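The values are calculated or read from the model by the stated rules, or taken from the named source; none is laboratory data. Keep in mind that this is a model prediction, so the values were computed, not measured. Here the Cβ positions follow ideal geometry from the backbone for every residue, glycine too, while neighbour counts run over all protein chains shown. Surface areas here come from the heavy atoms of the whole protein model, side chains and all, with no ligands, DNA or RNA. Shrake-Rupley method; radii C 1.70, N 1.55, O 1.52, S 1.80 Å.
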Amino acid sequence: MVSIRGASRRFSGGHYGVRGITLDVSRGETLVVMGPSGSGKSTLLRCVNGLERLDEGEIIIDGMRVNHETTDWNKVREEVGMVFQGFHLFPNRTALENLTLPQTVVRRRPAAEAKTVARALLDRVGLGGKESRFPAELSGGEKQRVAIARALAMNPKIMLFDEPTSALDPEMILEVLEVMRDLAGEGMTMLVVTHEIGFAREVAQRAVFLDEGLLVEAGPARDLIDRPETARCRAFMQRILRRPGGESVRPGPASESSWT
Amino acid sequence: MYTWHWEQIPQYFPLIGAATLRTLQISVVSIVLGSLLGALAGLMRVQPVRPIRFLAAAYVELLRNIPLMLVLYLIYFGLGAFFPVSPFWAAVVGLSVFEGAYVAEIARAGIESVDRGQMEAARSLGMSWLQSMRHVIVPQAVRRSLPPLTGQFVSLVKDSSLASLVSYEELMLVGRQINSRIFSPFEVFLTIGAIYFALCLTLSLLSRWQEARLARP
Ligand SMILES: Nc1ncnc2c1ncn2[C@@H]1O[C@H](COP(=O)(O)OP(=O)(O)O)[C@@H](O)[C@H]1O
Ligand SMILES: [Mg+2]
């Protein structure tokens, strides 16, 4: 479904965000990406939907070859949903309008149809009855669920999640993970950057560990978490498992969000 | 000792009224044209193609670093040497081109003040750059730009007094004409001043009302 071949992204100044990453995500699979702050997790996801340009290598999404010049990124992005750490809801639009806008603008759905889709999706993420709230009137967990529903409204084939629960208060993390778990259960192909160990263990088939832009280790999610093979991955797992809160860890310092 | 002659003023009310209308006319037309031009130049400054960005930046910097009076002279006397330029059009074009540069900066600042994540979210949903701008960024930017825009529009109304220098018979010019007849500068210019004050204050109040109306959560 997603095939990443030797993908590198070099920022001005010669610094690599990701370097020579090769990775396949099969249809219906949930793959978790872990790694310390600054290891290139966001950059990897952003390369997949073209928010970052790829300098070397290639990415193939559902048969569409995604390289620098010839790619119709708008077309690719229609198939790839993205959920950000910071939600990025449109603040001047209600929850419902957040879902209908991209449908009418990009998919050219008639307003009535877009509304029906939007209502059904908001219901599905447990937000029925809050359609006319503005983002400022929603809790963090609710905002993130609207953001997930907004991405789903475009009927993407793949969903990318970049630390979707890292900006949330602990009591709201579960409600978002629950939605993601259901989505995975329904067979969505998902690429998830998260340090939620519980989620990774139970929902993800595979996990990869990045460090300094390199893919250091890949394997079945449980093995990678419980029996990491490389010293770097082991040290990282020990660090996040030792955090207070146990399963529900909030990785990375706040400053990390600046690139996400 | 200054002797007041307020009784001299009322006979000129029709003249002053007509001049007020003309001031209003060039102001409104220039606000509309200047805003369109400024919005265009502001968008050009934030879009991805470098030469277009440069072009817009050149326009903005050029116009912001020369006096308006000079712009008006260039149009009225300069261009006027090649083809007939009426005082009205000289004033409107000069004011619009001049104010457009300031509006462009306000527009750019407004657009740049919108969180970068908004554009990324919109693009991630498959919207093109233009669609993202139109449906997501600009509506938020406009709301934030209203206060500085109002300030700019108020400046424009006051700046329209310079149209008197290209013989457009707006308030300032008519004030000078009346004063040269009755030599009562305080009475004449205080009257004119009161009109400018009322026009500008109305504009401020209108936009404050509009801001409150737009202030959704
Ligand atoms: N636009 C950018 N310009 C320059 N450097 C960047 C940019 N985006 C990310 N980086 C750098 O690339 C590296 C990887 O960043 P990122 O992918 O955000 O890491 P993560 O999401 O794992 O914390 C970091 O060192 C970061 O500073
Ligand atoms: Mg990140």
Contacts under 8 angstrom Cβ, first residue in segment B:125-147 being on the phi > 0 side of the Ramachandran plot and more than 10 Å from every other protein chain (Cβ to nearest Cβ), partner open to solvent by 10 Å² or more (accessible area, probe 1.4 Å) and of a type in the set (A, V, I, L, M), 6 or more apart: none
Of residues in segment A:65-91 being assigned to a loop (DSSP other than H, G, I, E, B) and free of Cβ contacts under 8 Å to residues at least 12 places away in the same chain, the one nearest to the other protein chains (Cβ to nearest Cβ): A:ASP72
Test for A:GLY38: is it in contact with a strand residue (DSSP E or B) (Cβ under 8 Å, 6 or more places away or on another chain), assigned to a loop (DSSP other than H, G, I, E, B) and at positive phi: no
Lone unmet requirement of (1) closer than 23 Å to B:PRO48 by Cα; (2) open to solvent by 20 Å² or more (accessible area, probe 1.4 Å); (3) among the aromatic types (Phe, Trp, Tyr) for A:PHE87: (1)
Options A:THR260, A:THR189; residue that is at pLDDT 95 or above, among the hydroxyl-bearing types (Ser, Thr, Tyr) and either under 16 Å from the mean Cα position of the chain (by Cα) or more than 16 Å from ligand 1 (Cβ to nearest atom) (or both): A:THR189
Where A:SER39 falls short, out of the listed (1) within 16 Å of ligand 1 (Cβ to nearest atom); (2) within 30 Å of B:GLU211 (Cα to Cα); (3) among the polar types (S, T, N, Q): (2)
Helices (runs of 4 or more DSSP H) completely within segment B:42-121 that count 3 or more residues being over 30 Å from B:ILE137 (Cβ atoms): B:68-73, B:87-113
Checklist (1) more than 7 Å from ligand 1 (Cβ to nearest atom); (2) farther than 18 Å from A:GLY219 by Cα; (3) open to solvent by 10 Å² or more (accessible area, probe 1.4 Å); (4) of a type outside the set (Phe, Trp, Tyr) applied to A:CYS47, failing item: (3)
Scope segment A:114-138; condition surrounded by fewer than 13 Cβ atoms within 10 Å (Cβ to Cβ) and within 14 Å of chain B (Cβ to nearest Cβ); matching residues: A:SER132, A:ALA136
Condition check for B:SER160: in contact (Cβ under 8 Å) with a residue 40 or more places away in the chain and open to solvent by less than 40 Å² (accessible area, probe 1.4 Å): yes
From B:GLY80, B:GLY42, B:GLY34, residue being touching a Gly at 6+ places or on another chain (Cβ under 6 Å) and surrounded by 14 or more Cβ atoms within 10 Å (Cβ to Cβ): B:GLY34
Qualifying residue in segment A:50-61 (condition: surrounded by 22 or more Cβ atoms within 10 Å (Cβ to Cβ), within 14 Å of chain B (Cβ to nearest Cβ), part of a strand (DSSP E or B) and not basic (Lys, Arg)): yes
Segment A:163-179 - residue that is surrounded by 22 or more Cβ atoms within 10 Å (Cβ to Cβ) and within 16 Å of ligand 2 (Cβ to nearest atom) and, of those, farthest from A:ALA200 (Cα to Cα): A:LEU168
Identity of the residue in segment A:205-217, surrounded by 18 or more Cβ atoms within 10 Å (Cβ to Cβ) and under 19 Å from the mean Cα position of the chain (by Cα), that ends up nearest to ligand 2 (Cβ to nearest atom): A:LEU210
